[in-house]
Amino acid sequence: MKIFLQLHKNKILFGGLLFLAALVVLGGLYVWNLEQEPELRVYFFDVGQGEAIFINTKNGEQILIDGGPSNKILPLLGRVMPFYDHSIDAVILTHPHADHVSGLIEVLKRYNVGEVIESGVDYNTAEAKEFEDLISKKRIKKIIINKPAKLSFFKNATLTFLSPDKYFEGQILNNVHDSVLVSELDFEGKKILFMADAEKNLERYLLQKGVLEDVDVLKVGHHGSKTSSTADFLKTVKPEYAVISVGAKNRYGHPHQQTLSGLETIGVQILRTDINGTIILNINGGQLTLQKEK
């Protein structure tokens, strides 16, 4: 009996040491992987015909811009967020069309969201109403953009809201695209312009105001529709890369050949979620790189 107990104790001790060694190895791998992570990463998710963009920093700060249509965003977030992470610092709704807001309803239900940023424009659909009701029910802080504003976060990164610069809260518009949140991310000297579903009239307005500048990456407006990306606009922003969030074989004919030709004319490298899948932009040490899922 004494020999059995001693052997049993030895097994427990050996097992405990193996467990501790495994923890040390896993901890070391976690630290090593964390060190290899870029300072800032932007995911242009492949959500089909819709749009969802996720900004993730090395210290875990997270911003989600739009959520695409239903049943797409949660699995995608699950792939890039740690399993234990149940919070997102900020959710931005650029405008309340279903292909941008529907996925955000699922996000608000699943995650603890620090704040919601939007224009406050009124849009009479079930999806828009459910989104606003959830914000109220969960008592999430809501920020209405009605003038130029900046969101500052990791290592002096800034997300500058270029529009809207007027009051849309509670208003019903003939064209809700006139109220979209256009923003520019600036980090380590690299600039990414998120045009949401902005169309020609809003592009012209921003050009007249003089707030547009040379950028490194353009998230093309309105899924590459011919209603966006005018020649004057493209000559001003002069991106090196253009990302189009669009669904394969969509009924709208996005992206339009007119838009693709305009981008090709200025020598832009075009990436599309319908062809390349999720597109990942990395910024690290002032260097910008792009990865394609396929």
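Every number here is computed from the coordinates shown, using simple stated rules; none is lab data. It should be emphasised that the depicted structure is a prediction, and the values quoted were computed from it without experimental measurement. Heads up, the Cβs are rebuilt from the backbone with ideal geometry, glycines too, and the neighbour counts pull from every protein chain shown.
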Exercise. Can you list residues whose amide H is under 5 Å from K226's amide H, if they're 5+ apart or on another chain and H is modeled 1.01 Å from N?
Worked result: H256
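In the structure shown, do any of K109/K200; K58/K166; K72/K209; K109/K249; K155/K219 have a Cα-Cα gap over 27 Å, and if so which? Don't jump to the answer; show the numbers that get you there.
Working: K109/K200 35 Å; K58/K166 34 Å; K72/K209 36 Å; K109/K249 30 Å; K155/K219 23 Å.
Too far apart for the 27 Å limit: K109/K200; K58/K166; K72/K209; K109/K249.
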For this session: Output ³J(HN,Hα) for the stretch 173-181: one whole-Hz value per residue in order, computed from phi by the Karplus curve 6.51 cos²θ - 1.76 cosθ + 1.60 with θ = phi - 60°, and x for Gly and Pro.
Result: 10, 5, 10, 5, 5, 5, 9, 5, 7
Problem set entry | Check: the chain dipole with +1 on Lys, Arg Cβ and -1 on Asp, Glu Cβ, in debye | 980
For this session: Take every Cα pair under 8 Å in the chain that's 6+ residues apart, average their separations, divide by the length, and report that relative contact order as a whole percent.
Result: 15
Seminar exercise, completed: Karplus ³J(HN,Hα) for the stretch 224-233 (6.51 cos²θ - 1.76 cosθ + 1.60, θ = phi - 60°; Hz, whole; x = Gly/Pro) runs x, 5, 6, 7, 10, 6, 5, 4, 5, 4
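Given the -39500 (n - 2.57) contribution per DSSP H run of 4+ residues, what per-residue ellipticity at 222 nm results for the chain, rounded to the nearest 500 deg cm²/dmol? Intermediate results must be reported in sequence, preceding the final value.
Numbers: 8 runs with 98 residues, N = 294.
Calculated from helices alone, the mean residue ellipticity at 222 nm is -10500 deg cm²/dmol.
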Problem set entry | Approximate spin-label separation Q291-K142, in nm, with each point projected 7 Å along Cα-to-Cβ | 3.7
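Mind running the shape call on the stretch 38-292? Use the C-alpha gyration tensor, a ≥ b ≥ c as the square roots of the eigenvalues: rounded below 1.5 for a/c, prolate if a/b tops b/c, oblate otherwise. Intermediate values should be presented prior to the final figure.
Working: a/c = 1.33, a/b = 1.15, b/c = 1.16.
Since a/c stays below 1.5, the shape of the stretch 38-292 is classed as rounded.
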For this session: For I117, list long-range residues whose amide hydrogen, built 1.01 Å from N in the peptide plane, is under 5 Å from its own amide hydrogen.
Result: V91, I92, L93, I143
Exercise. In the Gaussian network model of the chain, springs joining C-alpha atoms below 10 Å, which of P82, P239, P69 carries the largest mean-square fluctuation?
Worked result: P82
